[in-house]
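This report concerns only the one structure given below.
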Amino acid sequence: MSTATLAPHPGRHEAPPQASRFTGVGSLIRLALRRDRVRLSIWISTLTLMMVYTPNAIKLAYPEEAQRVARVNLMKTPAGMILSGPMFGVNETDLGVMMANELMLTLIIAASILSILTVIRHTRAEEESGAAELVLSSVVGRHARTYAALAVVGGVNAILAVTMTAAMAATGFGVVDTAAMCLGVTGVSMVFGAVAAVTAQLWRQRRAATGAAMAALALAALVRGVGDVIENSGSALSWFSPIAWAQQMRPFVDLRWWPFALLVVLAVGLIVSASLLESSRQYDDGVVPSSGEHPNAHPIRNVFGLHLTLQRGQTIGWAVGLFLSGLAFGSMTKSLLDAAEGNELLQRVLAQQGTDGVYTTLTQFLAAGATAYVVSAVLRVWGDEESGLGEAVLAGAVSRWRWLVTAVVATAVGSAVLMFFAGLGMGLGAGITIGDPPTVWRLTLAALAFVPAMAAMAGVAALAVALKQPWIGWLAVTFVVTSLYLGALLRLPQWLLDASPIGQTKAPSEYSVIALTVMVIAALALTCVAGAIYRRRDAA
């Protein structure tokens, strides 16, 4: 008796042998757009509306030429250069030039964060949660998920380039220069989306991949800022940052397109690198090996210690970044004092506020950045709940109330570490440059005064976890950053600015016991309410 041997046919969930590594990209793009339609719409609408609102706000805030000159002189200070962009010395009071100089960096950072989070969400996060395993069980190529995520990000950036250009041009700006400015913003955003695609291959954990991409963005912003302080129109150091490439397109000043080509080349190179790295790794693994088991490691004896351990890498990374940022900010104190000698406006500002007013502003910027750490650390509880990792803890003798509240406490401790190093860095930078050692400890103490504000932000994030709405936490971060960076420029009402816990902290200029006490009480109240809701609601 003989049996016939039939050639196997591809089954429903089995990719055919001739399937491309990019098979299924179109279907995954549609799935991603369906999942993120609300989230992406909000991002696109917000960034587009800024292009309409900001020019009108500048016109209202600085209607006279003399007022614009005073604003430009203020932005020529070292701190102003770091927080805005290069000054090319041509038509500096022109409204278009002011837009490109003051708004471009903010748009670049916001759009880049959008790209990073979107790419990680649809690549590494899905592998970590196990959702990618369901996708790969169908006819899907090896690189389909990564290229679908990049295609979504590319489409979003293309839409942003069109909508932002149309919105800004509608207010009277030249279309070509406006398009160049918006293409520069979205070009950098695409670069950091590609950076996220690379970090998603390097690290197995979503938090590590996101943190590495965000650190690359922060480093690029710092390098660009320090480089432009060295030379107002951009020094050799500036060109080591892709953010500088977009700003060096010089819209409204002396437009040139070749720096945009550098962004395209870098983005393509990073995408190719991500493909090669993905080909060389196993599913649910990273190119950078995990630390693995540590037989001699100290045992974790309680839930609080577990939270601290889980946040350790993130805390160390943020502490190093804030220390270096503080060191850079503080070291500019001498340059600021020297610049004031020939600048009447700066002389009046320093006479009115003193150097402590400058220290307050710079510390507020560092603290605003640290709020992203606070919110992401608390929202880890929601991420672990979604992925099922939190079940291992909650299955034991740990109440849900205790799990969430200790996460808030551990985050508050982590934020204290961050602000200590931020203040220490700024104190060292300022103390060494002006030759005043007591400044080191004074600015370190001033930075620690922002811990109650961080605790209040942690309470908001805990409430977001309890309500299953993590966007609330990120909305709070966006509000804090926007009110600090663009509050005056956008002419936001004072009551709204006063709602920011970072803006309410004014050390070392002022230590308001009432404000600090209110923030502590708010943090406790928010945490308790969040804990009560979290204890009673259903799991994710």
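The values are calculated or read from the model by the stated rules, or taken from the named source; none is laboratory data. A quick note: this is a predicted structure, and the numbers were derived from the prediction, not measured. Backbone-built Cβ (ideal geometry, glycine too); neighbour counts: all protein chains shown. Please note that ligands, DNA and RNA were not included when accessible areas were found on the heavy atoms of the full protein model with its side chains. Shrake-Rupley method; radii C 1.70, N 1.55, O 1.52, S 1.80 Å.
Among the numbered criteria (1) farther than 21 Å from I159 by Cβ; (2) open to solvent by 20 Å² or more (accessible area, probe 1.4 Å), which one does T48 miss?
The single condition T48 does not satisfy is (1).
For region 233-260, name all the residues that are more than 12 Å from V191 (Cα to Cα) and outside any loop (DSSP other than H, G, I, E, B).
Of everything in region 233-260, those that are more than 12 Å from V191 (Cα to Cα) and outside any loop (DSSP other than H, G, I, E, B) turn out to be L237, S238, W239, F240, A244, Q247, W258, P259.
Being open to solvent by 20 Å² or more (accessible area, probe 1.4 Å) and under 17 Å from R204 (Cα atoms), is that true of even one residue in region 137-155?
Yes, the conditions are met somewhere in region 137-155.
Would you please list the contacts, defined by Cβ atoms under 6 Å and residues six or more apart or on different chains, that run from a residue in region 33-47 that is part of a helix (DSSP H, G or I) to a residue that is small (G, A, S)?
Sorted first by the residue in region 33-47, then by its partner, the list stays empty.
Looking only at region 513-539, which residues are surrounded by 14 or more Cβ atoms within 10 Å (Cβ to Cβ) and either touching a Phe, Trp or Tyr at 6+ places or on another chain (Cβ under 6 Å) or not in a helix (DSSP H, G or I) (or both)?
Selection gives G531, R535.
Looking at the structure I just gave you, is A200 within 21 Å of the chain's Cα centre (by Cα), at pLDDT below 95 and assigned to a helix (DSSP H, G or I)?
Judged against the criteria, A200 is a match.
Determine whether G313 is at pLDDT below 85 and buried (at least 17 other Cβ atoms within 10 Å of the Cβ).
no
Give all pairs with beta carbons closer than 8 Å in which a residue from region 250-262 that is touching a residue at least 24 places away in the same chain (Cβ under 8 Å) meets a residue that is surrounded by fewer than 18 Cβ atoms within 10 Å (Cβ to Cβ); count only pairs at least 6 apart in sequence or on separate chains.
Taking only residues 6 or more apart or on different chains, the pairs are R250/R256; F252/N91; F252/D94; F252/G174; V253/V90; V253/N91; D254/V90; L255/V176.
Out of T163, T186, T199, report the one residue that is at negative phi and surrounded by fewer than 24 Cβ atoms within 10 Å (Cβ to Cβ).
T163
Kindly state which helices (runs of 4 or more DSSP H) lie completely within region 392-487 and contain at least 2 residues that are over 23 Å from Y359 (Cβ atoms) and touching a residue at least 12 places away in the same chain (Cβ under 8 Å).
Answer list for region 392-487: 400-434, 451-466, 471-485.
Here is a list: A132, A179. Which entry is within 21 Å of I109 (Cβ to Cβ) and surrounded by fewer than 24 Cβ atoms within 10 Å (Cβ to Cβ)?
A179
Among I514, I502, which is the only one that is under 28 Å from I108 (Cα atoms) and among the β-branched types (V, I, T)?
Every option except I502 fails the conditions.
Has region 70-78 got any residue that is in contact (Cβ under 8 Å) with a residue 60 or more places away in the chain, surrounded by 21 or more Cβ atoms within 10 Å (Cβ to Cβ) and farther than 30 Å from A197 by Cα?
For region 70-78, residues in contact (Cβ under 8 Å) with a residue 60 or more places away in the chain, surrounded by 21 or more Cβ atoms within 10 Å (Cβ to Cβ) and farther than 30 Å from A197 by Cα: present.
Go through the residues of region 382-403 one by one and say whether even a single one is under 21 Å from the mean Cα position of the chain (by Cα), over 30 Å from L324 (Cα atoms) and of a type in the set (A, V, I, L, M, F, W, C).
yes
Picking from K506, K468, which residue would you name as being surrounded by 18 or more Cβ atoms within 10 Å (Cβ to Cβ) and among the basic types (K, R)?
Checking each option against the conditions leaves just K506.
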